[in-house]
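What follows is calculated from the coordinates using simple rules that are stated; it is not laboratory data. Being a predicted model, the structure only gives us computed values, none of them experimental. All Cβ positions, glycine included, derive from the backbone under ideal geometry; neighbour counts span all protein chains shown.
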Amino acid sequence: MYFRSQKTPVRLGFSTWGFEGDLVEAASIISKYFPVVEVFVRSLSHLNKIDVYGLKKLSVSYSVHAPEQASLTLPDEDELKKSIKALQASIELAYVLDSDIVVFHSGRNYGEGSFERLVYALKKCCSTAESYGVYLCLENGWGRGLVHTLEQIRRVLDEVGSDYLKATLDTGHCFIAGIDPLKEYENNYDIVFEIHLHSNYGNSDDHLLPHVGLLDLEGLVDILQGKMFNRYVVLEVKTGKNPEEFIAYAKEELERYFV
């Protein structure tokens, strides 16, 4: 798919986040409509059960979303080590899938020491990422999450000091945190390696299609085009009871903005 007014490729994808059931089946459905599938790892135990061979049979590119339970701010040392291992395992999964992106969350804000623990954990994980050639992309959060803005993520990047640590801009999370995602991207585009595309009305994390709710999708597309963004833009939305019908509809709607 391309931006409307010039042939700058944007790699538009769809996350398995909104699916229930078999991961390979979900990826297979997505592959009929989108060239990129983001593998959403639902739990720490799920990491060891993923049918890698089934996924590799599909003619798509992948990104990987690490388990949300992998919190890199945990005060308990043993639990923090488990989260570090989970993120490292997600890096290995991405490598096996010929992907160079792992999206992850920081974890909650536990007060004093949370930022320092995040930096400590990421220095260990970035060493693994560098050895596999995989980029770790820290996602902006909201509510109890430690990082809400790309400026906060930039501070993390500066402290860790790895070329393999970047940012994921989640457009829906911006609205809940009271942030304009368009301005957020414009001011920090240099660190953004992936975009999670979804919308809401500012009250809850509804994961709506991006052409409804508060998101100015046309404005976002124009800004991405202006900055020549050419990495993954991944829809992370609810698919409902008929996933394939929904995905076909989502593609049709997005083609009004991306062609």
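Whats the longest run of the chain with zero GluC sites (Glu not before Pro) that are DSSP loop and have at most 10 other Cβ atoms within 10 Å? The longest such stretch corresponds to 113-259. Farthest toward the positive end of the dipole of the range 11-254, out of Asn200, Leu165, Asn242, is the Cα of Leu165, where the dipole comes from beta carbon charges about the Cα centre.
Of the two radii for the range 1-92, the radius of gyration is 1.07 times the Kirkwood radius, both from the alpha carbons; that is the Rg over Rh value. For the range 1-155, the dipole from Cβ point charges (+1 on Lys and Arg, -1 on Asp and Glu) about the Cα centre works out to 420 debye, to the nearest 20. Compactness of the chain was expressed as the Cα radius of gyration divided by 2.2 N^0.38 Å, which yields 0.95. For Asp22 and Asp158, what is the calculated FRET efficiency with R₀ set at 45 Å and r taken between the beta-carbons, to the nearest 0.05? Computed FRET efficiency for Asp22 and Asp158: 0.65. Taking every DSSP helix (H) stretch of at least 4 residues in the chain, weighting each as -39,500 (n - 2.57) and dividing the sum by the residue count yields a mean residue ellipticity at 222 nm of -11500 deg cm²/dmol.
Taking 24 Å as the limit for the C-alpha separation, the pairs Lys82/Lys123; Lys56/Lys227; Lys85/Lys166; Lys183/Lys241; Lys56/Lys241 exceed it in the case of Lys56/Lys227; Lys183/Lys241; Lys56/Lys241.
Dipole magnitude for the chain: computed about the Cα centre from +1 point charges on Lys and Arg Cβ and -1 point charges on Asp and Glu Cβ, it is near 420 debye. Rounded to the nearest 20, the Cβ-based charge dipole of the range 66-156 about its Cα centre (Lys and Arg +1, Asp and Glu -1) stands at 180 debye. Give me the net charge of Phe19's neighbourhood, meaning all other residues with Cβ under 15 Å from the Cβ of Phe19; Lys, Arg count +1, Asp, Glu -1. Net of charged neighbours comes to -4. Nearest-5 percent of antiparallel DSSP beta bridges in the chain? If we restrict to bridges inside the chain, about 10 percent are antiparallel.
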